[in-house]
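Student: Below you'll find the structure I mean.
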Amino acid sequence: MAPSVLVVIQNLSKRFGNAMILQDISFSLHRGDLLAILGRSGSGKTTLLKCLAGLEPPDSGQIVVDGQDVRRLKPQVRGMVYLYQEPLLFPHLNVFENVAFGLRLKKIAEKEVKTQVNALIEQLGLADQAHKAPHQLSGGQKQRASFGRALLVKPRLLLLDEPFASLDVEIRAQMQTLFLNLAKTYHTSTLLVTHDLKEALIMGKRFGLMQNGSLKLYETPQAFIQDEQTGVLREMAFWQGQG
Amino acid sequence: MRILNKLVFGGLVGLGLLPLGLLTVWALGEGWHFPHLWPKRWSSTAFLQIFSGKMGESLWLSTWISTCVAVFATAFGYITGHFVSHHPLKKWLLRLAYLPFVSSPVILATCLLFLFIKIQLVGTILGVILAQWMFAFSFAIVFFVPFWSPQMKAIEELVYTLGGTALQAMRHVLWPMSIAALRMCFFQTFLISWVQYGITLMVGGGEIQTLPVLVYFYVNEANITFAAMASLVLMLPAFILMTVNRRHVWRD
């Protein structure tokens, strides 16, 4: 059975002053999907995510989630967690409390919080760091805790804004694998925006390219690779030349 | 090199403490005339004035006024700083906040005096608090605008997308993260008010005798002993607050 449609975006537009940031963006996302959108800085990727999360109001267009138009809903009730480039752990809370934050907001019983958080922290490989303050963690550990905090609230859609950009190459690769495993375990639907071609290819199930506020979607990964504008072919040619 | 560093450090500490030492000798000594290196007698008369008489009254009045100014300036500055930092006209609003510092406090107080006379606030404690608050409030805005950085905004937005309300974001995240900055702003606005002279004299009309006003009163009277003791009292809380402030800043 084909997965059901989770999000439908239609003709989404956003302008800041005279600058057109988003132009008639339309796409849909299925449950459990991971759509990777590639785009340069200033192409409108972040604005797109912020419009979906309810942090920026779009000028026009529709955002339908589970059949409900969410444009007028506050970010708190949209069920979309927006993760920034930085992990943004709360400095006054330890790792356990950071991960548990979403459950605390929902006033979940203490026993349940402990069970869920400890299980996730174990999966994240942070069991021995649970009582440490964020400043005592490495960049990768911080990002893991940040993912844990987001996944535990079971968002309908996870919005990732270049989440691995601040990590070094080796840690980034580990984090990408870890995230894919977690997303599978938690059946998370994800929209990832990145300027990193390799990251888009590793993470995405479906692909899009954002240029000057317009989004181009690809039917297949092959179509994404074959399109000159994505730069995949240039990259491949470069590495083949190196070989 | 280490000895030289120690000498320089000792010299700087000595220079810093010299006025305090000199004021202490002036405040507690009597009959200190040239060419004597030391006062003839020691007396506690000026010291006892701290607990009773004019100096005691001024001490409590200054403490009361500065506490009010610091509390209200910090509270309003915290909220206004948040508003200004997220406003599209942030640069212009921030320039307005700098205005009281660009123009001299005395000139601004002269301009305000007409208004204060009209609303019958001249010569009242409320008038002095309000006038001092205007400057402390401006300082608090300038202080808090960089505090409400894009990163703080991102943290606030993150709490919203995690399901938190504005109240929950404030209570569980922004407030705990703000305590160090609030404490520092409180100390600094307290000190701004504590040493304020020109505005207090103008708006207070000479009737509101805070410690700085009293120091000048004693100086005009050529009462060196009392002037020195009042100056010591004026300086000591500033030293204490700065020490506490610095310790907390390092800790936080």
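Student: If you take the alpha carbon radius of gyration of chain B and divide it by 2.2 N^0.38 Å, what ratio comes out, to two decimals? Can you show the working numbers first?
Tutor: Numbers: Rg = 22.2 Å, N = 252, 2.2 N^0.38 = 18.0 Å.
In units of the 2.2 N^0.38 Å rule of thumb, it is 1.23.
Student: Post the alpha-carbon centroid distance, segment A:76-107 to segment A:8-56, in whole angstrom.
Tutor: With segment A:76-107 and segment A:8-56 each reduced to a Cα centre, they are spaced 23 Å.
Student: Let me know the shape class of chain A, please: from the alpha-carbon gyration tensor, a ≥ b ≥ c as square roots of the eigenvalues, rounded when a/c is under 1.5, otherwise prolate if a/b is greater than b/c, or oblate.
Tutor: oblate
Student: Give the lysines reachable from A:K205 as a straight Cα distance under 17 Å; neighbours fewer than 8 places away on the same chain don't count.
Tutor: Cα-Cα hits under 17 Å: A:K184, A:K216.
Student: Same structure, new question: Based on the Cβ-Cβ distance from B:I79 to A:R72, what FRET efficiency comes out when R0 is 35 Å, to the nearest 0.05? Display every interim value, and only then the final one.
Tutor: Working: r = 27 Å, r/R0 = 0.77.
According to the calculation, E is roughly 0.85.
Student: Where does helix A:95-105 land angle-wise versus the long Cα axis of chain A, in degrees 0 to 90, nearest 10?
Tutor: So the helix axis and the longest Cα principal axis differ by about 80 degrees.
Student: Moving on to the next point. Which whole-number percent gives the relative contact order of chain A, counting Cα pairs below 8 Å spaced six or more residues apart? Could you put the intermediate results ahead of the total?
Tutor: Details: 433 pairs, mean separation 65.5, N = 243.
Answer for chain A is 27 percent.
Student: What does the charge count around A:V7 come to, taking other residues whose C-beta lies under 11 Å from its C-beta (Lys +1, Arg +1, Asp -1, Glu -1)? Let's see the in-between values first.
Tutor: Working: positive: A:R31, A:R78, A:R156; negative: A:D33, A:D66.
Once positives and negatives cancel, what remains is +1.
Student: Output the 0 to 90 degree angle, nearest 10, between the alpha-carbon long axis of helix B:53-85 and the longest principal axis computed from the alpha carbons of chain B.
Tutor: So the inclination is approximately 20 degrees.
Student: Of the cross-linked pairs A:K74/A:K154; A:K106/B:K153; A:K14/A:K45, which ones have a Cα-Cα span greater than 20 Å in the structure shown? The partial results should precede the final answer.
Tutor: On the way: A:K74/A:K154 17 Å; A:K106/B:K153 22 Å; A:K14/A:K45 12 Å.
Result: A:K106/B:K153 exceed 20 Å.
Student: If you find the alpha carbon centre of segment B:185-200 and of segment B:11-76, how far apart are they in angstrom?
Tutor: Using only Cα atoms to place each centre, the spacing works out to 17 Å.
Student: Let me cross-check A:E235: its accessible surface, 1.4 Å probe, with only protein heavy atoms counted, in Å² to the nearest 10?
Tutor: Surface open to solvent at A:E235 totals about 90 Å².
Student: Something else: Take the alpha carbon gyration tensor of the protein assembly as shown, find the square roots of its eigenvalues, order them as a ≥ b ≥ c, and report rounded if a/c is under 1.5; if not, report prolate when a/b exceeds b/c, else oblate. Mind dumping the intermediate values first?
Tutor: Working: a/c = 2.85, a/b = 2.31, b/c = 1.23.
Prolate is the answer for the protein assembly as shown, as a/c is 1.5 or above and a/b outweighs b/c.
Student: May I pose another question? Give me the distance between the Cα centres of segment A:115-192 and segment B:205-225, rounded to whole Å.
Tutor: If we compute the Cα centre of each part, the gap is 64 Å.
The values are calculated or read from the model by the stated rules, or taken from the named source; none is laboratory data. Note that this is a predicted model, so its numbers are computed, not measured. All Cβ positions, even for glycine, are placed from backbone atoms using ideal geometry, and neighbour counts span all protein chains on display. The area values use the complete protein model at the heavy-atom level, side chains included, leaving out ligands, DNA and RNA. Shrake-Rupley method; radii C 1.70, N 1.55, O 1.52, S 1.80 Å.
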